[in-house]
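Engineer: Could you have a look at this structure, given as structure tokens, before my questions?
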Amino acid sequence: ANMRRTAKPIHDMLRWFASTQIRNVACLGGNIVTASPISDMNPLLCCHGATIVLASRPRADGGIARRRVRVSDFFLGYRRVDRGETEVIERVEIPLVRSRFEYVSPFQQDRRREDDISIVTSGMRIRLRPEDGDGGMRWAIEEVVIAYGGMAPMTQLATGAMEYMVGRTFGEETFVGARRRLLEEFDMPDDVPGGQAQYRMTLAARCVS
């Protein structure tokens, strides 16, 4: 069950990825290393807490050296990633969704369905826990990860909104406050590369609802 719940958001994001021809020859590693600010998969991998395993052969005896980097730390800037000249992505490790109270959702807004170019993409993961209080049982937000594409020069975590939500009740008041934090965090100027600043901020805020 956890395998299905982990794989379904990835499947849903990939369903409309690019076009049929591209999907037949593309690979996940290429999508990651390209480091596009509007990548479909990178925000989803970030919210999953995925890890990249990089491999190289620096040793004279042909031995392989490996190192691990979290996807959320892999992007250093616009089209820049934490990868050496001789390193390749060997694999991507995606943790399984851990419990029935943990949920992962992909979000994507495109200009068209086929051969799409995303305007804003997002991957979100939230884990809840039941708590007893004076007013009865409530659902508290134990952990939340919100990652965006199309809102910065690289895939970006909404750290302010995430910090605001942790420990609060899963309810409308929390999400209203989180949207406010989000809009402050991604206060895009009107002349931002790619344009449509207000529209992109509206899309990002609508995801957190």
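Engineer: Relative contact order of the chain, please, whole-number percent, based on alpha carbon pairs below 8 angstrom and at least 6 residues apart.
Structural biologist: On the way: 401 pairs, mean separation 41.7, N = 209.
Dividing the mean separation by the residue count of the chain yields 20 percent.
Engineer: Assuming 0.36 nm per residue, please report the length gained on full extension of the stretch Thr202 to Glu184 beyond their Cα-Cα distance.
Structural biologist: Working: separation 18, 0.36 × 18 = 6.48 nm, distance 1.21 nm.
Result for the pair: 5.3 nm of gain on full extension.
Engineer: Also, quick follow-up: Pick the calculated Rg/Rh (Cα atoms, Kirkwood Rh) for this structure from (i) 1.00; (ii) 1.10; (iii) 0.98?
Structural biologist: Correct label, based on the coordinates given: (i).
Engineer: Between 0 and 90 degrees, rounded to the nearest ten: what's the tilt of helix 2-14 against the longest Cα principal axis of the chain?
Structural biologist: That helix lies at roughly 70 degrees to the long axis.
Engineer: Using a Förster distance of 41 angstrom, determine the FRET efficiency expected from the C-beta separation of Thr169 and Arg70, and round it to 0.05.
Structural biologist: Numbers: r = 29 Å, r/R0 = 0.70.
Computed FRET efficiency for Thr169 and Arg70: 0.90.
Engineer: Given contacts defined as C-alpha pairs under 8 Å and at least six residues apart, what's the relative contact order of region 107-185, whole-number percent? Display every interim value, and only then the final one.
Structural biologist: Numbers: 129 pairs, mean separation 17.5, N = 79.
Result for region 107-185 is 22 percent.
Engineer: Classify region 85-209: rounded, prolate or oblate, from the alpha-carbon gyration tensor (a ≥ b ≥ c, eigenvalue square roots; a/c under 1.5 rounded; otherwise prolate if a/b is larger than b/c)? Mind dumping the intermediate values first?
Structural biologist: Working: a/c = 2.18, a/b = 1.37, b/c = 1.59.
Verdict is oblate for region 85-209.
Engineer: Nearest 0.05, what FRET efficiency do Ser105 and Asp132 give at R0 = 25 Å with Cβ-Cβ as r?
Structural biologist: On the way: r = 28 Å, r/R0 = 1.11.
The computed FRET efficiency comes out at 0.35.
Engineer: Need the full-extension length gain, Ala140 to Val176, defined as separation in residues times 0.36 nm minus the C-alpha distance. One decimal, nm. Display every interim value, and only then the final one.
Structural biologist: On the way: separation 36, 0.36 × 36 = 12.96 nm, distance 1.56 nm.
Length difference between fully extended and current span is 11.4 nm.
Engineer: Another question about this same structure. Heavy atoms only, probe 1.4 Å: what % of the accessible area of the chain goes to carbon and sulfur, would you let me know? Walk me through the intermediate numbers first.
Structural biologist: Values: 5950 of 11640 Å².
Reported share for carbon and sulfur atoms: 51 percent.
Engineer: List the residues of region 174-209 whose backbone N lies under 19 Å from a point placed 7 Å from the Cα of Arg80 along the Cα-to-Cβ direction.
Structural biologist: 193
Engineer: If you don't mind, another one. If you take every residue apart from Val69 with its C-beta less than 9 Å away from the C-beta of Val69, what net charge results, scoring Lys and Arg +1 and Asp and Glu -1? Intermediate results must be reported in sequence, preceding the final value.
Structural biologist: On the way: positive: Arg67, Arg68, Arg70, Arg83; negative: Asp73, Asp82.
Neighbourhood net charge equals +2.
Engineer: Averaged per residue, what accessible surface does region 1-126 expose to a 1.4 Å probe, in Å²? Kindly include the intermediate steps, with their values, before the conclusion.
Structural biologist: Values: 7090 Å² over 126 residues.
Accessible surface, normalised per residue, equals 56 Å².
Engineer: Moving on to the next point. Provide the per residue accessible area, probe 1.4 Å, for region 153-207, rounded to a whole number of square angstrom.
Structural biologist: Numbers: 3240 Å² over 55 residues.
Per-residue value: 59 Å².
Engineer: Something else about it: Quick check: the angle from helix 172-185's long axis to the longest principal axis of the chain, C-alpha only, nearest 10 degrees?
Structural biologist: Here the helix axis deviates by roughly 50 degrees.
The values are calculated or read from the model by the stated rules, or taken from the named source; none is laboratory data. For clarity, every value in this text was computed on a predicted model and none was experimentally measured. Heads up, the Cβs are rebuilt from the backbone with ideal geometry, glycines too, and the neighbour counts pull from every protein chain shown. Ligands, DNA and RNA are stripped out before the accessible areas are found, and what is left, the full protein with its side chains, is counted by its heavy atoms. Shrake-Rupley method; radii C 1.70, N 1.55, O 1.52, S 1.80 Å.
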